[in-house]
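The values are calculated or read from the model by the stated rules, or taken from the named source; none is laboratory data. Just so it is clear, the model here is predicted, and its values are computed rather than measured. Every residue, glycine among them, receives a Cβ derived from its backbone with ideal geometry; neighbour counts consider all protein chains shown. Ligands, DNA and RNA are excluded from the accessible area calculation, which covers all protein heavy atoms including side chains. Shrake-Rupley method; radii C 1.70, N 1.55, O 1.52, S 1.80 Å.
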Amino acid sequence: MLATIPGEKEEKRNHIEEVIERVKAGDKQSYEAIIIQFERQMYTYCYYILKNHAETEDAVQEIFIRAYEHLHQYSRQVSFSAWLYKMAYHHLINMKKKQSRWLKLIEHYKEHQPTVEVPRQESEIYELLTCLTAEERHILLLKAVEQYTFEEISEIMDLKSATVRKKYERLRRKLMERRSEKGEVAHGTFAGQNGIR
């Protein structure tokens with residue numbers, strides 16, 4: 001994790017809040033600053049849920065459009081980042097529901113695609129993530145990658161904070177057991193790099 005300069009996070013948050021106020025006041029061009037600030041995070045989050053670049057690009061675009069359309073509903077009670085993730089979470093859940101009936105067709109299609117050589121570490125991480133449910137992947141990404149608190153995750157996912165904490169502990173054990181089953185050290189590279197210890 002990169003060290004942050006004291007007050008830097010608050011400064012960024014205040015900057016985003018100023019941009020939001022300008023957009024709400026009619027300055028549509030200012031919304032570009034919000035997209036630039038959060039696009040990479042949104043792409044990473046969506047990709048680990050959808051596992052498809054084209055779908056991820058579409059989802060990210062749709063999330064930013066919806067965020068723009070509903071910006072008047074945003075208030076400073078939560079950080080804009082958490083509000084945006086909540087919107088992304090619900091959008092991805094809806095996408096997954098719509099896709100469920102096409103799952104067999106997609107799997108059939110993937111089986112007939114040429115295999116691409118993936119670096120060993122990425123392959124291990126991907127394999128570990130596939131043993132998680134969509135909800136568990138959301139929690140893992142929000143906690144270990146985006147470093148949200150359990151309270152913020154509970155707000156994003158509309159769950160109780162204690163429930164999120166329990167689910168996170170369960171998914172950690174699940175990943176550690178899965179890693180151990182493969183004959184590797186449970187506190188290996190994936191756990192260390194992704195804050196799961």
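When Lys and Arg each count +1 and Asp and Glu each count -1, what net charge do the other residues less than 12 Å away from SER154, Cβ to Cβ, add up to? Spell out each step's value before the answer.
On the way: positive: LYS86, LYS143, LYS160, ARG165, LYS166, LYS167; negative: GLU151, GLU152, GLU155, ASP158.
With Lys, Arg at +1 and Asp, Glu at -1, the net is +2.
Note down the magnitude of the dipole of segment 15-65 about its Cα centre, charges +1 on Lys and Arg C-beta and -1 on Asp and Glu C-beta and zero elsewhere, to the nearest 20 debye. Show your work: numbers first, answer last.
Details: 5 positive and 10 negative charges, 13 e Å.
That gives segment 15-65 a dipole magnitude of about 60 debye.
What's the extension gain from TYR68 to ALA54 if we count 0.36 nm per residue and subtract their Cα-Cα distance? Intermediate results must be reported in sequence, preceding the final value.
On the way: separation 14, 0.36 × 14 = 5.04 nm, distance 2.15 nm.
In short, 2.9 nm is gained.
What does the charge dipole of segment 122-176 about its Cα centre add up to, to the nearest 20 debye, if the Cβ of each Lys and Arg holds +1 and the Cβ of each Asp and Glu holds -1? All intermediate terms of the calculation are to be shown ahead of the outcome.
On the way: 10 positive and 11 negative charges, 79 e Å.
So the magnitude is around 380 debye.
Leaving ligands, DNA and RNA out of it, work out the accessible area of ARG172 with a 1.4 Å probe and give it in Å² to the nearest 10.
Near enough 50 Å² of accessible area.
Provide CYS46, CYS131 ordered by accessible surface of protein heavy atoms (probe 1.4 Å), highest first. Display every interim value, and only then the final one.
Values: CYS46 0, CYS131 25 Å².
Of CYS46, CYS131, the descending order of accessible area is CYS131, CYS46.
How far apart, in nm, are two points set 7 Å out from the Cα along the Cα-to-Cβ line at SER180 and at ALA25?
Spacing of the two 7 Å Cα→Cβ label points: 5.8 nm.
How much accessible surface does ASP27 have with a 1.4 Å probe, in Å² rounded to 10?
Taking all protein chains as shown, ASP27 has close to 60 Å².
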